Amino acid sequence: MISVDGIGKAFSGATLFSDISFNINEKDRIALMGKNGAGKSTLLKIIAGAEKPTTGKISAPADAIIAYLPQHLLTADKCTVFEETSKAFAKVLGMKAEMEKLNHELETRTDYESDDYMKLIEKVSELGEKYYSIEEINFDDKIEKALFGLGFVREDFKRNTSEFSGGWRMRIELAKILLQDPDLILLDEPTNHLDIESIQWLEDFLLNSAKAVMVISHDRAFVDAITNRTIEVTMGRIFDYKVNYTQYLQLRKERREHQQKAVEEQQRMIADNMEFIERFKGTYSKTLQVQSRVKMLEKLEILEVDEVDTSSLNLKFPPAPRSGNYPVIIEDLTKKYGDHVVFANASVTIERGEKIALVGKNGEGKSTLVKAIMSEIDYEGKVQLGHNAMIGYFSQDQAAMLDGELTVFDTIDHIAVGDVRTKIRDILGAFMFGGEISGRKVKVLSGGEKTRLAMIKLLLEPVNLLILDEPTNHLDIKTKDILKEALQAFDGTLILVSHDRDFLDGLATKVYEFGNKRIKEHLYDINGFLKNKKMENLREIERKGK
């Protein structure tokens, strides 16, 4: 059992949360929920030992292994994928190497009667007992299974990790964590860089092989599939429910209704007693009753309804200037990296006002098509933007590209022009960056806060063609719904890359499917697309392809 005892955290005098206590037991599958900036990632870092609390402590058995996957990690190095993943067994392999070294020393020394020699024998014996108590492991087999499960192919094993994107390097780190057989796995947004089949594999692993899990994720389907407990961080404290996220929402609603009813009943009781006291306070025969009721009210603990986080994003895209009838026309587009063909002879025509979704497994070319439209890469074929096409582009790494040393205010002040400069504080307030938050440095913001800040740039100038590549990564469920509503109301053209069926439902009116080096048009919304392909969800795309 791992115990969180009275944990509190403050930054620059401002308290993020205080006096948080709970236990984590084996078989717990905990969803750590709350709005962006509530302190979820900070709490996870404290449990992982990556950050110190201001107050309180974390208690765990001496031999407990706590494995932590942060949102951003793993710089490039000179190891191959297989070598880097093998580091999961570094402790065991280190024990083996140490035993071999000590045994060699025993064989070569001749001071058999010395105290040092006896201590060496004791050390070898103690180390051997620990090493041989570990169940025999076929390291290579386990490493291969983990890497295959997370989407790697055998040819990748000998490639350097520096050749892979941040998302794929994150999978390497995830494989290392899973192979350690930890007592507690802490995951901060693990699905952001995983394709559909890898998410399914991770779900199966966490459900069937992990001991205890605590996860931050804004993927509602993923959270509901793997968790049996929900801890919400809100307004500086926590609420702990022994159910998954969807059930928690219902229980929380019922709890507030009961609290509201109890508060109303107590207020009526107080009013009745106050009326009695006022009415009879000068009446001799009622003196004892009046005094009794006064004392009762003085000792009464006033009930309250749990404070609700009512802050919300005020997001509305400016009216879109009129573009030509066809903002994007793509003909015979082919993209290769060396001998690897991403897609070939693809043709796509997008009409003004259409809202389209690009779907398919990672690596099939969704982001590549977007980069071709943005002229960020070379390609064969033709990409033509229509008359008066004004693009607003949000890339996957948009939030990571922000300057961490700038304040929130300065980030927007540096790019604002004209009349917008006089409205920066209003804009920041609408995006929940009001007050002292506008003076914070970008580097201390949560992933969701950075995404919101990057999103402001799309609002500073009117656009009629929005291209968003995984915009919901790091956004909490509430903010994701608000973004969806704003995009539904947007009167321009929308190109959207997303794995999130809930987000696409009711938003995209046409689907382009990427797979097998082709781009296929489907004249359905996302539900019609899935129904036509006889799929329950987007996670089946890759399995059907195979």
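The values are calculated or read from the model by the stated rules, or taken from the named source; none is laboratory data. Not measured: the values here are computed from a predicted model. In this analysis, Cβ positions are derived from the backbone assuming ideal geometry, glycine residues included, and neighbour counts consider all displayed protein chains. Just so you know, the surface numbers come from the protein's heavy atoms only, side chains and all, with ligands and any DNA or RNA stripped out. Shrake-Rupley method; radii C 1.70, N 1.55, O 1.52, S 1.80 Å.
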Calculate how many DSSP beta bridges within the chain are antiparallel, expressed in % of all such bridges and rounded to the nearest 5. 50
Among the lysines, select those whose C-alpha is under 16 Å from the C-alpha of K35, and discard any that sit fewer than 8 residues away in the same chain. K450, K478, K480
Using alpha-carbon pairs under 8 Å, 6+ residues apart, how would you state the relative contact order of segment 1-137 in percent? 20
I need two numbers for segment 181-225: Rg to one decimal and Dmax as a whole number, Cα atoms only, in Å. 10.0, 26
Would you mind getting me the FRET efficiency between K158 and R421? Use the beta-carbon distance for r and R0 = 45 Å, nearest 0.05. 0.25
Measure off 7 Å from each Cα along the Cα-to-Cβ vector at L207 and S292, then give the distance between these two points in nanometres to one decimal. 6.0
So if I average 1/r over every pair of distinct C-alpha atoms in segment 207-345 and take the inverse, what Kirkwood radius in Å does that give? 22.5
Sorted by packing (mean other beta-carbon atoms within 10 Å per residue), highest first, where do 13-19, 452-458 land? 452-458, 13-19
Give me the mean projected area, in nm² to one decimal, of the convex hull enclosing the Cα positions of segment 95-246. 14.2
When we measure straight from the Cα of K96, which aspartates and glutamates land under 14 angstrom away, once same-chain ones fewer than 8 places off are left out? E126, E129, E135, E136
Under 23 Å between alpha carbons, and skipping anything fewer than 8 positions from K91 in its own chain: which lysines qualify? K45, K78, K101, K119, K123, K130, K142, K145, K158, K176, K211
Relative to 2.2 N^0.38 Å, what does the C-alpha radius of gyration of segment 1-86 come to as a ratio? Two decimals please. 1.29
Spacing of the two label points (7 Å from each Cα toward its C-beta) at K52 and K253, in nm: 4.5
In deg cm²/dmol and to the nearest 500, what is the mean residue ellipticity at 222 nm of the chain if only DSSP H runs of at least 4 residues count, each as -39500 (n - 2.57), divided by the residue total? -11500 deg cm²/dmol
In nm², what is the average projected area of the convex hull enclosing the Cα atoms of segment 197-278? 7.5
Measure of size requested: the Rg and Dmax of segment 263-409, with Cα atoms as the atom set and Å as the unit; please supply both. 33.9, 102
May I ask you to derive the FRET efficiency for S347 and D63 from their Cβ-Cβ distance with R0 = 41 Å, giving the value to the nearest 0.05? 0.10
Sorted peptide list for 42-50, 411-419, criterion being average Cβ within 10 angstrom, highest first: 42-50, 411-419
State in Å² the accessible area per residue of the chain; use a 1.4 Å probe, count heavy atoms of protein chains only, and round to the nearest integer. 51
Multiplying the sequence separation of E105 and H414 by 0.36 nm and subtracting their Cα-Cα distance, what value in nm do you get? 104.8 nm
Compute from the Cα atoms of the chain the Rg and the Dmax, the latter being the longest Cα-Cα distance, and quote both in angstrom. 29.0, 104
Where the accessible area of the chain is counted over protein heavy atoms with a 1.4 Å probe, how much of it, in %, is carbon and sulfur? 48
Segment 353-370-segment 375-427 distance, computed between alpha-carbon centres (Å): 20
Projected label distance in nm at D397 and K281, using a 7 Å step from Cα toward the beta-carbon: 7.1
In whole angstrom, the spacing between the Cα centers of segment 444-474 and segment 19-93 equals 28
Between D505 and D141, what is the FRET efficiency for a Förster distance of 45 Å, r being their Cβ-Cβ separation, to the nearest 0.05? 0.65
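Which net charge results when you count Lys and Arg as +1 and Asp and Glu as -1 among the other residues whose beta-carbon is under 11 Å from that of E405?
Neighbour charge sum, excluding E405 itself: 0.
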